[in-house]
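Since the structure comes first, as structure tokens, the remarks are kept for the end.
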Amino acid sequence: MPAIHGKIVYTGREVLEDAAVAWEGAELSSVGPAQADVLAEYEVVTPAIIDAHCHIGLFRAGEPSGEAEGNDHMDAMLAHADVLDSIQMDDASFADSVECGVLYSCVLPGSGNIIGGDTAVIRNYGVHTNAALIRRAGIKAAFGFNPMHVREWKGVRPWTRMGAGAILRGKLYDVRQKIAKEDAGDASVSYSAEEAVLRQVLKREQRLRVHVHKEDDVATVLRFVDEFNLDITVEHTCDVHSEGIYTELKARGIPVIYGPMDTLASKVELRHDHWRNIEYLIASGVTFGLMTDHPVILQRSLLLTLRWFLRAGLSKQQALEIITRSNAEILRIDDVLGTLEPDKWASLVCWNGDPFSLESYPVAVYAEGELIYQDRQ
């Protein structure tokens, strides 16, 4: 039974000293007192890092922008699109991410469409997309500025936020009417491919992953939640600059996937974007994770953004939990990832020093029990 020893082991729930991490096959078997027979010893061991929202494999390193596949321009409503069909695992960014300990990504369609399609949680080390897929994580939706500023794209397009809301509300209303007929015993009811997905959304069988930045746009989303009883996550929220909206999200049990941090506020809906906004996020007690929105910031830089959470008062363990345990729980993959515990995947990162020090880096990376990266030095 292979094992490694860490002088410090971050489990995703606690910090252990002089601990061994052992596994059998792809799964962890024990995390605890040091064992005599180990493969190697490392300064620090952490769980594999998870990016909860990105576009890796869609906007690809070294390819011209015209070859990007984050958004399809044919219509504003594409509920039946599948992001997995456009991910290309030969994107060089995947190898960069693995080298930096980011082994898992939730890839979403872009935010140009009101409904962009199905998302995918993938292994960054997958040979091809079928091997990479772990599970689905909801349907991408977008509120706010993004779906209203692509007016030149094909199909029915909104010119305003209320126009985008009207298109979505009309589609959901029509499908809800069909569901009511179906529930009343009408055997003649049929659904298009797009309507079948929206039916799952209305029945809370699919979660909506909602792109939004501004506080009033979050308020719009909450009106949709009330009107249609939706299961959602709120994503980005970088312009939210008060605690109140986060407090309401906490009260409703709606999680936030925050970010990306360390990027230019490139549009007016980000005019209040500032790292200090995370103080409101933390103070509210809302459940939250962290994203890169790759390539907005490169996925390999995800851990670096945790410095702002340290400055806001979190401990190193609490900060690391955001991109391990918290991201796994929000994505509903915490049965296999996010913490170093028995029966979870043996996916871990071995560091030559404190991960929060600039001179530190991963020297070995294990994925599901296999060594997939080792530093050449």
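Taking ILE333 as the residue in question, decide whether it is part of a loop (DSSP other than H, G, I, E, B), within 20 Å of the chain's Cα centre (by Cα) and modelled with pLDDT of 95 or more.
Criteria met by ILE333.
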Restricting to segment 318-342, what's the tally of residues that are farther than 18 Å from CYS100 by Cβ and in contact with a Phe, Trp or Tyr (Cβ under 6 Å, 6 or more places away or on another chain)? 1
The lone exception for VAL45 - which of (1) at pLDDT below 95; (2) in a strand (DSSP E or B) it fails: (1)
Lone qualifier among ASN352, ASN277 - being crowded, with 17+ Cβ neighbours inside 10 Å, touching a Ser or Thr at 6+ places or on another chain (Cβ under 7 Å) and either outside the structural domain of SER105 (by TED's automatic domain parsing) or within 19 Å of GLU235 (Cβ to Cβ) (or both): ASN352
When you look at SER347, is it surrounded by fewer than 22 Cβ atoms within 10 Å (Cβ to Cβ) and either under 26 Å from LEU39 (Cα atoms) or free of Cβ contacts under 8 Å to residues at least 12 places away in the same chain (or both), yes or no? no
Would you confirm, using the coordinates I've provided, whether SER360 is surrounded by fewer than 16 Cβ atoms within 10 Å (Cβ to Cβ) and touching a Phe, Trp or Tyr at 6+ places or on another chain (Cβ under 8 Å)? yes
Go over the candidates VAL175, VAL221 one by one and state the one that is touching a residue at least 60 places away in the same chain (Cβ under 8 Å) and either within 22 Å of the chain's Cα centre (by Cα) or more than 17 Å from PRO147 (Cα to Cα) (or both). VAL221
Those residues that are without any contact (Cβ under 8 Å) to a residue 24 or more places away in the chain, in a loop (DSSP other than H, G, I, E, B) and surrounded by fewer than 18 Cβ atoms within 10 Å (Cβ to Cβ), I need them from segment 64-77; list them, please. PRO64, ALA68
Selection status of GLY313, of a type in the set (Gly, Ala, Ser), free of Cβ contacts under 8 Å to residues at least 40 places away in the same chain and assigned to a loop (DSSP other than H, G, I, E, B): yes
Do we have GLY57 as at pLDDT 95 or above, small (Gly, Ala, Ser), at positive phi and surrounded by 14 or more Cβ atoms within 10 Å (Cβ to Cβ) here? yes
Determine, yes or no, whether ASP231 is modelled with pLDDT of 95 or more, touching a Lys or Arg at 6+ places or on another chain (Cβ under 7 Å), surrounded by fewer than 17 Cβ atoms within 10 Å (Cβ to Cβ) and not β-branched (Val, Ile, Thr). yes
Being touching a strand residue (DSSP E or B) at 6+ places or on another chain (Cβ under 6 Å) and not in a loop (DSSP other than H, G, I, E, B) is the filter; apply it to segment 253-280 and report the residue that is farthest from CYS54 (Cα to Cα). VAL256
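For residues in segment 337-359 being part of a loop (DSSP other than H, G, I, E, B) and more than 29 Å from ALA283 (Cα to Cα), which is nearest to the chain's Cα centre (by Cα)?
Among those that are part of a loop (DSSP other than H, G, I, E, B) and more than 29 Å from ALA283 (Cα to Cα), it is SER347.
The values are calculated or read from the model by the stated rules, or taken from the named source; none is laboratory data. These numbers were taken from a predicted model, which means no experiment stands behind them. Positions of Cβ are generated from backbone atoms using ideal geometry, with glycine treated the same way; all protein chains shown enter the neighbour counts.
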